[in-house]
Each structure stands twice: as C-alpha cells, then as structure tokens.
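Since the structure comes first, as structure tokens, the remarks are kept for the end.
The values are calculated or read from the model by the stated rules, or taken from the named source; none is laboratory data. Keep in mind that this is a model prediction, so the values were computed, not measured. Positions of Cβ are backbone-derived with ideal geometry, glycine not excepted, and every protein chain shown enters the neighbour counts. Surface areas here come from the heavy atoms of the whole protein model, side chains and all, with no ligands, DNA or RNA. Shrake-Rupley method; radii C 1.70, N 1.55, O 1.52, S 1.80 Å.
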Amino acid sequence: MAERNRSPISAILAIVVVLTVSVLFLQSTFKSKYNGTSRLLNRTAEAGNAEAGQHYSPFENLEQIDRERLDSAQHTVDIAMYAFTDRYVAEELLKLSRRGVQIRLYRDRQQYEEEQRNSGQRNRGTTTGMLRGEHNIQIRVKGSHELMHLKAYVIDGSLLRDGSANWSPSGLKRQDNNAHFTSDPAQVGAFRQVFEQMWNRTDNERVQ
C-alpha cells in the first residue's frame, strides 16, 4: 500500500522541480536581455572619444554622438551625406571651419535640390546656406541624378563613420538607424579612395 502511495507523490515532486527550473531559466533569460537593453539605452558618447563601435537610434541620440566625434577633428573632415537638414550638425561644421579644420562636403543631387526647394517654400535657409562663404568649407554636388546614397565621413584621415543615419533630425534621433565608427586602416582607406573619386568627378556642381 505504501509502495503505491509513493508513485503519485514522486510524480508531483518531479513536476514541481521541472516548473521551478523553468521559472528560474526564464527569469535568468529576461534579466540578461533587460540588462543588455538597459546598457544600450544608457550608453552615451564621450566627447573626443574615437573608440570604434556601433550606435543605434532612437535608443541613442546620434546627433549628439556625431557632433562630439566631429568636435575631435584637428585638420580635416571629408563628408559624403545623402540628406543634410540638421542645423545643429551644420553649426558644428561652422565651428570646426572657424578653428581651421578643412571640410569637404559631397552631396546627392536630388536631395540637395529638394532641400533648396523646401527652403524656398518655408522661407527658411538650408544647411548649405548656413555654410556658404566659409573659407575652409568646400561643397560639391553629384552631377548625375543617380543617387549618392552614402551617409559617411572621415575625420583626420583616421576615423570613419558610416551607417544608415542621414544628417536629419528624424534620421539621427527618431528613426531606426545606425552609426558605425571604426579606425580600421583598411576600411578608412577604402572610403578615402572612393571619396576622392567622387569628389573629382568632372560633372560635379561646385557650390563653393
């Protein structure tokens, strides 16, 4: 009789053990994912820090990160930017140029023309207009209407930023985008070579 009574008790204990292990596993998994997300959300860029890495909006403010990285420039910044409507980034380029940093800005034709049209309709100047007349800033626009779709720049020939984030308030702060930074010589060198080829196209429009 006692032998028959042990079987249901053993089954119940086994079920309790399985449920306990499952709960502990789920708690551990959730905690790990939560902590990882928390670290991503709380991570901030340090001014002047050229550390390589990935950054993602809207979890991070890519506008702030770009401005802080740009502020580390000592000599040159070469930029290929599809859309450029963020005035705070334009102000950062102005600041750099006025302390002697040489800046080359290469733009997509369709985006450039659209920004010019929108500016006229809204009676508000463009970021290009903010940069006009600056001695240390050169601007060229791709002659062809085939997209210049890059969102990248290189600082002092040694730190590359690329990724999906345009220089627009929504692209840098609200959309799902990334900004990737690297000091890898091969990646930096590849972008510099491509940039020179784009910059020297014979059909480019020279804005200034």
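Can you find a residue in the range 170-185 that is in a helix (DSSP H, G or I) and over 22 Å from S57 (Cβ atoms)?
Checked the range 170-185: at least one residue is in a helix (DSSP H, G or I) and over 22 Å from S57 (Cβ atoms).
Hey, among the residues in the range 112-146 that are open to solvent by less than 80 Å² (accessible area, probe 1.4 Å) and assigned to a loop (DSSP other than H, G, I, E, B), which one's nearest to S97 (Cα to Cα)?
N136
Which of the residues belonging to the range 157-197 are of a type in the set (A, V, I, L, M, F, W, C) and loosely packed, with under 15 Cβ neighbours inside 10 Å?
Passing the criteria: A186, A190, V194.
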